[in-house]
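Okay, so here's the structure we're looking at.
The values are calculated or read from the model by the stated rules, or taken from the named source; none is laboratory data. A quick note: this is a predicted structure, and the numbers were derived from the prediction, not measured. Every residue, glycine among them, receives a Cβ derived from its backbone with ideal geometry; neighbour counts consider all protein chains shown.
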């Protein structure tokens, strides 16, 4: 074991600060050498003189070399990095444009937004990016199929060439339509015009995206005149997705699976499906969930991730469409300050989302609503005392008024929701309870002062890990948390962590201050 010196020896430049800077010079190799004057870390091989013993050597590792070079090539980005969608437009047009201009991929948070807002945002993004890379989130909406269809319509109308498909339990005609309408023949092969990045947490869902589109769905689209016969034939030759993001313990929709288990599982499945199908397209597998520090990103790359996806850490960024009140809560969060609560979009199915617990009572109140939903056949069956408590403590208004608002809301958004609920007390209760679940995220993004206890803040443990990492650095201040700075420091830090690991495998024991990358302002164009 080689111990790099921890004492300060300015004359030789072998102090801990010098060792750190040598490792952090990512575009140069790093050597640990022993001379007659002691041990040193250097970047320039020309300094290795006769009689110098090389104890360890690691090659240059610019952040651009992490992950899969195909991801950067196909998406037109610099780094194998993506800022994932945060619903209700929290992953805003400003956030997407800022990352696109920096050569990074981001997904607009279209989930939960009405079509008019998505339409406006996509137009803004197209103008702002000037043809640069970006994606739009397409969330599976089993209870609001009209919204899923409208989102695809808008993506096709605005020429969106990449969607991030999330929360899918199965393939739907809309995601298949988006994929297949972008296919065309080229030199005997298939040109994929519409890329799909599928975010999954279960292997059975991943397999659906790893295989070609279901034949019966494609033929139904042909019969409806939505895709051509030629496109249907091409669809048999390509998988449904170009990239599969293995989503581990994350904010929002999550199964909270460990990344160290999920990622290798999905990679192995990808390889098996390719052998079974004989498809020539190699689907990349990336990692999401828990990516809040350089060490976490480095670990994901070391396990074979083609790219990494961040989420929670971007919610407190300058460009995120989140209220300053919530951003302060996020900046104070620890890794253990998250928990599960019923989701608004899949409430009836019992699906949960991960949210911030600290500073809000949303999780407990949402859980109570779900237990009430399971217990009673309809609102009218709720005992009077219990109903009064719900109205006073959670809804802060009569449930009859909530139902009136719900009717008005869905009449403009998806009238079939109301038609299906009029003669179904259980479904009517679900829609009323979803009123609270849906508005609670809006109260958080607007910073509604009277509903602070009801803020629904999607968040995973990566937020707390990020806060610990940036403590005492310039990124500790909210006003400095620009989404591009967050991205660049994470990927550079991941490369730094990779070099530290390589030196450790070579038997070099570094001073503690040299083992962690410290965020620093970036000024790249």
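Given 98, 91, which one is within 17 Å of residue 122 (Cβ to Cβ), part of a loop (DSSP other than H, G, I, E, B) and not assigned by TED's automatic domain parsing to the domain that holds residue 446? I'd like the intermediate steps shown before the answer.
Working: 98 fails: part of a loop (DSSP other than H, G, I, E, B).
Just a single option satisfies the conditions, and that option is 91.
For (1) in the same structural domain as residue 90 (by TED's automatic domain parsing); (2) closer than 27 Å to residue 170 by Cβ; (3) surrounded by 17 or more Cβ atoms within 10 Å (Cβ to Cβ); (4) modelled with pLDDT under 95, each residue gets a yes or a no:
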position: 105; (1), (2), (3), (4): yes, yes, yes, no
position: 108; (1), (2), (3), (4): yes, yes, yes, no
position: 123; (1), (2), (3), (4): yes, no, no, no
position: 126; (1), (2), (3), (4): yes, no, yes, no
position: 135; (1), (2), (3), (4): yes, yes, yes, no
position: 142; (1), (2), (3), (4): yes, yes, no, yes
Scope segment 300-332; condition within 14 Å of the chain's Cα centre (by Cα), closer than 17 Å to residue 464 by Cα and not in a loop (DSSP other than H, G, I, E, B); matching residues: 309, 310, 312, 313, 314
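Just checking, which of 196, 218, 190 is part of a helix (DSSP H, G or I) and in contact (Cβ under 8 Å) with a residue 12 or more places away in the chain?
Numbers: 196 fails: part of a helix (DSSP H, G or I); 190 fails: part of a helix (DSSP H, G or I).
Just a single option satisfies the conditions, and that option is 218.
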Name the residue, out of 49, 28, 73, that is part of a loop (DSSP other than H, G, I, E, B) and either buried (at least 23 other Cβ atoms within 10 Å of the Cβ) or at pLDDT 95 or above (or both). 28
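Determine, yes or no, whether residue 340 is surrounded by fewer than 17 Cβ atoms within 10 Å (Cβ to Cβ), closer than 30 Å to residue 464 by Cβ, touching a strand residue (DSSP E or B) at 6+ places or on another chain (Cβ under 6 Å) and not assigned by TED's automatic domain parsing to the domain that holds residue 116.
Yes: the conditions hold for residue 340.
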With 499, 515, 492 as the choices, which residue is touching a helix residue (DSSP H, G or I) at 6+ places or on another chain (Cβ under 6 Å) and free of Cβ contacts under 8 Å to residues at least 24 places away in the same chain? 515
Going residue by residue through segment 433-441, is there one that turns out to be at pLDDT 95 or above and not in a helix (DSSP H, G or I)? no
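Taking the stated definitions as given, is residue 286 touching a helix residue (DSSP H, G or I) at 6+ places or on another chain (Cβ under 8 Å), in the same structural domain as residue 238 (by TED's automatic domain parsing) and buried (at least 24 other Cβ atoms within 10 Å of the Cβ)?
Values: touching a helix residue (DSSP H, G or I) at 6+ places or on another chain (Cβ under 8 Å): yes; in the same structural domain as residue 238 (by TED's automatic domain parsing): yes; buried (at least 24 other Cβ atoms within 10 Å of the Cβ): yes.
It is true that residue 286 is touching a helix residue (DSSP H, G or I) at 6+ places or on another chain (Cβ under 8 Å), in the same structural domain as residue 238 (by TED's automatic domain parsing) and buried (at least 24 other Cβ atoms within 10 Å of the Cβ).
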Looking at segment 245-296 only, could you name the residues that are touching a strand residue (DSSP E or B) at 6+ places or on another chain (Cβ under 7 Å), outside any loop (DSSP other than H, G, I, E, B) and at pLDDT below 95? 252, 253
Among (1) more than 30 Å from residue 251 (Cβ to Cβ); (2) outside any loop (DSSP other than H, G, I, E, B); (3) touching a helix residue (DSSP H, G or I) at 6+ places or on another chain (Cβ under 9 Å); (4) at pLDDT 90 or above, the one test that residue 17 misses: (4)
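Being at pLDDT 95 or above and closer than 14 Å to residue 461 by Cα is the filter here, so list the residues in segment 317-335 that pass it.
Taking segment 317-335 first, the residues at pLDDT 95 or above are 317-334.
Scanning segment 317-335 gives 329, 330, 331, 332, 333, 334.
Taking the condition of being crowded, with 16+ Cβ neighbours inside 10 Å, under 30 Å from residue 148 (Cα atoms) and over 32 Å from the mean Cα position of the chain (by Cα), how many residues in segment 384-406 meet it? Step through it out loud before you land on a result.
So in segment 384-406, the residues crowded, with 16+ Cβ neighbours inside 10 Å come out as 387, 390-391, 394-395, 399, 402-403, 406.
If we keep only those that are under 30 Å from residue 148 (Cα atoms) as well, we get 394-395, 399, 402-403, 406.
Keeping just the survivors that are over 32 Å from the mean Cα position of the chain (by Cα) gives 399, 402-403.
Number satisfying all stated conditions: 3.
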Assigned by TED's automatic domain parsing to the domain that holds residue 174, in contact (Cβ under 8 Å) with a residue 12 or more places away in the chain, farther than 20 Å from residue 85 by Cα and surrounded by fewer than 20 Cβ atoms within 10 Å (Cβ to Cβ) - does that describe any residue in segment 237-257? yes
Within segment 375-383, identify whether any single residue is within 30 Å of residue 249 (Cα to Cα), surrounded by fewer than 17 Cβ atoms within 10 Å (Cβ to Cβ) and modelled with pLDDT of 95 or more, and answer yes or no. yes
